Amino acid sequence: MKTVCPHCHQKYDVPEDFQQQNVLCQKCGGEFTVNRAKFCSSCGAANPAQAFQCHACSHPFQWEASRPVERALPVRPVSAVTDRSEVELSPGLKILFFFAKLGCYFAMIAGVLRALSAVIGEFIHEDRGIIIICSIISVLLNEWFVLILTVLANPERKVRKSLFFLLGFWVYGIYLLATIIFSFLMSSGFTWIGAVLINLLYLLFLVKVFQIWKERCLIDQDYEPPER
């Protein structure tokens, strides 16, 4: 169930057996008694059970009799029971994340090798600059993708909506589209089929990761990660 600290309005998901027990807020350190949160009918914000008006929009609540508080109950730290099961990846997604990160590491190694080959003169002069630039872009984008996969795979990490991640999704998507088109136009025989298929699968997976990232940003708005 959801409960709200009456001192700082930090929201928590706690088990039902914490009802009417004294806890310590992880954010402000204040002691309060766990009760089911009130949700404002005007703005939808969660509020402490004893609130007379919404802390977000000041909408008044109807008076309700509250259950007596047992002050003799032991104080328990609420941070220890914060439920993060809703952001846990499914076993299938964990496997996909693992192989996607593995593919990114291989792509980064291939990009470094291509750049080194261009530097030492394996490619003709006209192509050398393009090869080096494309290789650097490939390494940086795959490194970014490993970072976002690592963040989303950790339920204790707080995911924030940032321009760095948002631009990364767009740039990586455009890069994969350009790679698909280039493979289709420039490769011959059956080589282009494999290249197009791999990049197309990565593009579809990127869209799925983008959806997961947006959901985590909404869920983690009021989440405070545990202190190390």
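The values are calculated or read from the model by the stated rules, or taken from the named source; none is laboratory data. Small disclaimer: the values here were computed from a predicted structure and weren't measured. Virtual Cβ from ideal backbone geometry, glycine too; neighbours counted across all protein chains shown.
One table, with the values for the structure above:
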{"item": "Close pairs (7 angstrom Cβ cut-off, 6 or more residues apart or separate chains): more than 16 Å from Phe99 (Cα to Cα) in region 146-169, among the hydroxyl-bearing types (Ser, Thr, Tyr) and modelled with pLDDT under 90 anywhere", "result": "Lys158/Tyr223"}
{"item": "Subset tally (residues that are free of Cβ contacts under 8 Å to residues at least 24 places away in the same chain and either assigned to a helix (DSSP H, G or I) or touching a His at 6+ places or on another chain (Cβ under 6 Å) (or both)) for region 216-228", "result": "2"}
{"item": "Selection count where residues are at pLDDT 80 or above and in contact with a Cys (Cβ under 6 Å, 6 or more places away or on another chain), scope region 31-44", "result": "1"}
{"item": "Spans of strands (runs of 3 or more DSSP E) in region 1-65 with at least 1 residues in contact with a helix residue (DSSP H, G or I) (Cβ under 8 Å, 6 or more places away or on another chain), touching a residue at least 12 places away in the same chain (Cβ under 8 Å) and closer than 17 Å to Glu224 by Cα", "result": "2-4, 11-13, 22-24"}
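Conditions (1) buried (at least 17 other Cβ atoms within 10 Å of the Cβ); (2) within 15 Å of Val209 (Cα to Cα); (3) assigned by TED's automatic domain parsing to the domain that holds Val207, marked per residue:
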| position | (1), (2), (3) |
| --- | --- |
| Cys104 | yes, yes, yes |
| Ala107 | yes, no, yes |
| Gly111 | yes, no, yes |
| Arg114 | yes, no, yes |
| Ala118 | yes, no, yes |
| Val139 | yes, no, yes |
| Leu147 | no, yes, yes |
| Arg160 | no, yes, yes |
